[in-house]
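First up is the structure itself, then whatever we jot down about it.
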Amino acid sequence: MRVLVACEESQTVCKAFRELGHEAYSCDIQDCSGGHPEWHVTGDCVPLLDGRCSFTTSDGARHSIDSEWDLLICHPPCTYMSKAGARWMYAGGVLNQERLALAMKARDFFLRCLNARCKHVAVENPVPLKIVELPPPTCHVEPYQHGEPFSKRTCLWLRNLPPITPTNILQEYRPYLPSNVGGKKKGQKYSFGVARNAKEASKTFEGIAKAMAEQWSAYLAQAQRCLTPLRHDT
């Protein structure tokens, strides 16, 4: 199965599919930090989204795909669309028009990923601001549902894919990121997560990546078997 993981420099999801024997590639404008440049494309992912393209991985090797991807997984930038950034979108109670314009640009890229020419698509992002008007997500996922001792509510928008089911639900966990920092001064609820940089905050948890790879691989394999005509011996 050929898989493209767009906007992923960590290669966490890419490696999970590679471990199952799939031809998976990550793509990001940043160099990969996952240790496998031979599976990574450094550059704009848009020319790759619809398949039927040629590309060069970071080790200099040339590749091509003459059809659509079997599976497309995208992690488009969320900086300007995320609900976590509401305090900057409405700084001083006034809508920041410059930031809104950036959010709408991010929304266009998000929808380009979601509507790519591929039958099976998954797009991941945090809970978005209402003003961005993204379509409703298919489901939500938490790290603690997959053996990771953290909470970090993440949305999945899925086309022709089932929601991933929990694999190892932990009863004890803590916030991965701090929440409502500005509201703390007003006496609002505050979650004491660890302050992390944008790259750390955006990485996919290994438990979630493993669930994606195993469950969606099994689903697509079953779907392919159902589409294969039965042979009748004569």
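Which of rounded, prolate, oblate describes the range 62-152, given a ≥ b ≥ c as roots of the alpha-carbon gyration tensor eigenvalues and a/c under 1.5 marking rounded, otherwise prolate only if a/b is larger than b/c? Don't skip to the end; give the middle numbers.
Numbers: a/c = 2.61, a/b = 1.42, b/c = 1.84.
Oblate shape, in that a/c is at least 1.5 and b/c is the bigger or equal ratio.
Which loop trypsin sites (Lys or Arg not before Pro) in the range 46-125, with loop taken from DSSP, have no more than 16 other Cβ atoms within 10 angstrom of their Cβ?
Numbers: sites: 52, 62, 83, 87, 99, 105, 107, 112, 117, 119; in loops: 52, 117, 119.
Filter output for the range 46-125: 52, 117, 119.
Would you mind checking the tilt of helix 97-114 against the longest principal axis of the Cα atoms of the chain, expressed as 0 to 90 degrees and rounded to 10?
Result, in degrees: 20.
Roughly how compact is the range 1-120, stated as its Cα Rg over 2.2 N^0.38 Å to two decimals? Could you put the intermediate results ahead of the total?
Values: Rg = 16.3 Å, N = 120, 2.2 N^0.38 = 13.6 Å.
Expressed relative to 2.2 N^0.38 Å, the Cα Rg reads 1.20.
State the antiparallel share, in %, of DSSP beta bridges confined to the range 2-222, rounding to the nearest 5. Numbers along the way, then the final one.
Details: 15 of 33 bridges.
Antiparallel bridges: around 45 percent, rounded to the nearest 5.
Using alpha-carbon pairs under 8 Å, 6+ residues apart, how would you state the relative contact order of the chain in percent?
On the way: 433 pairs, mean separation 37.3, N = 234.
Reported relative contact order: 16 percent.
For the chain, go through all pairs of different Cα atoms, get the mean of 1/r, take its inverse, and jot down that Kirkwood value in Å.
Details: mean 1/r = 0.0526 Å⁻¹.
For the chain, the Kirkwood estimate is 19.0 Å.
Among 169, 92, 137, whose Cα projects farthest towards the positive end of the dipole of the chain, with charges put on the beta-carbon of Lys, Arg (+1) and Asp, Glu (-1)?
Positive-most Cα among the choices belongs to 92.
Testing the spin-label approximation: label points 7 Å from Cα along Cα→Cβ at residue 108 and residue 59. State their distance in nm.
Computed distance between label sites residue 108 and residue 59 equals 3.7 nm.
Would you order 67, 10 from fewest to most other beta-carbon atoms within 10 Å of each residue's own beta-carbon? Could the numbers behind the result be given before it?
On the way: 67 9, 10 23.
The order, fewest Cβ neighbours first, is 67, 10.
Starting from the Cα-Cα distance between residue 44 and residue 117, subtract it from 0.36 nm times their residue separation and give me the gain in nm to one decimal.
Full extension of this stretch gives 24.6 nm more.
Dipole magnitude of the range 2-222 about its Cα centre, charges +1 at Lys/Arg Cβ and -1 at Asp/Glu Cβ only, in debye to the nearest 20? Mind dumping the intermediate values first?
Details: 26 positive and 23 negative charges, 242 e Å.
For the range 2-222, the charge dipole is close to 1160 debye.
Can you check what the net charge comes to around residue 90, using other residues whose Cβ is under 12 Å from the Cβ of residue 90 (Lys, Arg +1; Asp, Glu -1)?
Numbers: positive: 83, 87, 99, 130; negative: none.
Its environment carries a net charge of +4.
State the cysteines of the chain left without a partner when partners are defined as other cysteines whose beta carbon lies under 4.7 Å away.
7, 14, 32, 53, 78, 118, 139, 155, 226
Each value in this text was obtained by applying a stated rule to the coordinates, not by laboratory testing. As the structure is a prediction and not an experimental result, all values here were calculated from the model. Neighbour counts run over all protein chains shown; Cβ positions are idealised from the backbone, glycine included.
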